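Enquirer: There's a structure below that I have some questions on.
The values are calculated or read from the model by the stated rules, or taken from the named source; none is laboratory data. Quick caveat: nothing in here was measured; it's all calculated off a predicted structure. Using ideal geometry, Cβ is built from the backbone for each residue, glycine included, and neighbour counts are taken over all protein chains shown. Areas reflect the complete protein model, heavy atoms only, side chains present, ligands, DNA and RNA absent. Shrake-Rupley method; radii C 1.70, N 1.55, O 1.52, S 1.80 Å.
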Amino acid sequence: MKKHNFYAGPSILPDVVIEETAKALHNFAGTGISLASISHRSKEFDKVMIDAQDLFKELLNVPEGYSVLFLGGGASLQFAMVPFNLMNKKAVYTNTGTWASNAIKEAKLFGEVVEIKAKDYFSLPKGFDVPSDADYFHFTSNNTIFGTQYKQDFDLNMPVVADMSSDIFSRRIDVSKYDIIYGGAQKNLAPSGVAFVLIKNDILGKVDRKIPTMLNYQTHINKGSMFNTPPVVPIFAAYQTMLWIKANGGVAGMEKIVAEKAELLYNEIDRNSLFVGTVAKEDRSSMNICFVMKEEYKEFEAEFASYASERGMLGIKGHRSVGGFRASTYNALPLESVKALVSCMQDFENLKK
Ligand SMILES: *Cc1c(COP(=O)(O)O)cnc(C)c1O
């Protein structure tokens with residue numbers, strides 16, 4: 001039976017990415033040895049690193065003056081590296097979910113954090129004022145667990161930092177409005193093991209504290225992201241994903257299909273008499289689509305979960321902190337999989353009527 005991969009992360013990657021990575025694990029770039037056992041200083045891998053950095057910039061239309069880094073430690077290490085490198089006294093953070101609050105926890109180790117919050121995590125704070133004396137503003141563009149998403153860039157007179165773990169390359173952004181964009185690659189880009197960091201070179205060097213070598217962005221910028229051994233295999237896979245994005249219309253192409261998939265599924269959630277969406281409509285994420293059974297049908301939740309899994313739907317269980325269901329519709333998820341889930345919801349409704 002065909003499997004439909006709705007996992008939130010690690011998550012679906014394009015088939016061609018898996019195939020090319022598997023091939024390279026056997027014989028990398030005609031070297032006769034595996035990608036997993038070649039020196040990261042070899043000219044063949046050096047080319048992958050440089051091409052991956054260049055393509056990252058090309059896909060996002062990155063202006064001059066930025067560097068692309070591929071680092072270990074996931075997005076979670078970036079929660080600490082950002083304030084370590086940027087915060088003197090004070091930063092502003094939107095608190096829009098689990099990941100944002102994890103980021104805030106780290107930032108508080110370095111100074112004062114002004115938190116901006118909506119009444120709960122099912123909608124986003126908007127139209128707020130940002131204190132002008134802050135060192136930077138941080139937000140999570142897509143909240144993977146609760147399923148909310150900012151679809152616009154913030155335009156502020158201070159450095160802007162964004163965690164884009166779960167929506168990088170899914171919509172066009174104006175990079176010139178950002179100073180750091182980071183994320184764990186395992187949602188929309190690569191297997192786990194690498195984080196991407198796009199950083200504006202001239203924002204560094206403004207804090208007084210001593211920064212350990214590995215946690216200092218400047219170290220990695222100076223060494224072209226090769227200060228120490230980088231996560232070679234996931235970087236190769238990330239590059240393959242970027243090639244696939246480019247071949248499929250670039251980020252604009254992704255944006256179109258991502259919108260189509262999200263609309264299809266949200267329309268069904270709104271139409272179907274058994275289900276209801278959990279998020280304020282204007283804040284709905286195009287990447288992580290959360291829904292539950294209506295109060296009067298709650299008893300069917302477990303039954304629907306097994307019904308769906310018998311039909312090949314994988315990973316639609318909601319995060320343990322939210323419950324219900326979550327379908328992650330990342331770039332690589334085929335439209336066909338969303339159609340299959342929609343049919344599954346319709347058939348289940350018919351079964352219950
Ligand atoms: C998954 C996720 C993280 C954590 O990523 P790790 O690479 O596991 O540290 C952080 N932020 C967001 C928005 C995420 O979705």
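Enquirer: What number comes out for the charge environment of S141, summing +1 per Lys or Arg and -1 per Asp or Glu over other residues with Cβ under 10 Å away?
Expert: So the surrounding residues net to -1.
Enquirer: Would you mind pulling out the separation of the Cα centroids of the range 113-160 and the range 243-292, in Å?
Expert: 21
Enquirer: For the range 192-250, take every pair of Cα atoms, bin their distances at 10 Å starting from 0, and report each bin as a whole percent.
Expert: So the P(r) values, bin by bin, are 18, 41, 28, 11, 2.
Enquirer: In a shell of Cβ-Cβ distance under 14 Å around L69, excluding L69 itself, what net charge do Lys and Arg (+1) and Asp and Glu (-1) give?
Expert: Result for the neighbourhood of L69: +1.
Enquirer: Using R₀ = 45 Å, calculate the FRET efficiency as 1/(1 + (r/R₀)^6) where r is the Cβ-Cβ separation of E295 and D129; round to 0.05.
Expert: 0.75
Enquirer: Rounded, prolate or oblate for the chain? Axes are the square roots of the Cα gyration tensor eigenvalues, ordered a ≥ b ≥ c, and the cut-off for rounded is a/c under 1.5.
Expert: oblate
Enquirer: Taking only Cα atoms and a 10 Å spring cutoff, compute GNM fluctuations for the chain and point out the largest among F169, F28, F137.
Expert: The residue with the greatest mean-square fluctuation here is F28.
Enquirer: Per residue, how much accessible surface does the range 15-247 expose to a 1.4 Å probe? Answer in Å², no decimals.
Expert: Result: 42 Å² of accessible area for each residue.
Enquirer: Which residue fluctuates most in the GNM of the chain (Cα springs below 10 Å): S34, S306, S42?
Expert: S42
Enquirer: R0 = 25 Å: FRET efficiency of N350 with D15, Cβ-based, nearest 0.05?
Expert: So, using R0 = 25 Å, E works out to roughly 0.20.
Enquirer: I'd like the distance between the alpha-carbon centres of the range 216-241 and the range 322-353, rounded to an integer number of Å.
Expert: First find each Cα centre; the distance between them is then 36 Å.
Enquirer: In debye, nearest 20: dipole of the chain around its Cα centre with unit charges on the Cβ of K, R (+) and D, E (-)?
Expert: That gives a dipole near 460 debye.
Enquirer: How large is the translational diffusion coefficient of the range 191-337 in µm² per second when you combine the Kirkwood radius over alpha carbon pairs with Stokes-Einstein at 4 °C and 1.567 mPa s?
Expert: Rounded to a whole number, D works out at 69 µm²/s.
Enquirer: With each label point set 7 Å from Cα along the Cα-Cβ vector, what nm distance links T229 and S101?
Expert: Computed distance between label sites T229 and S101 equals 3.8 nm.
Enquirer: How much accessible surface area, in Å² rounded to 10, belongs to the heavy atoms of H138 with a 1.4 Å probe?
Expert: Estimated to the nearest 10 Å², H138 gives 0 Å².
Enquirer: Report for the chain the percent antiparallel among DSSP-assigned beta bridges with both residues inside it, nearest 5.
Expert: 60
Enquirer: In this model, which of K177/K223; K3/K200; K2/K352; K119/K151; K23/K200 are farther than 30 Å apart at the alpha-carbon?
Expert: The pairs that break the limit, which is 30 Å between Cα atoms, are K3/K200; K23/K200.
Enquirer: From largest accessible area down, sort F56, F227, F300; use a 1.4 Å probe on the protein chains.
Expert: F227, F300, F56
Enquirer: State the percentage of accessible surface on the range 15-247 attributable to carbon and sulfur atoms; use a 1.4 Å probe and exclude ligands, DNA and RNA.
Expert: Ligands and nucleic acids excluded, carbon and sulfur reach 51 percent.
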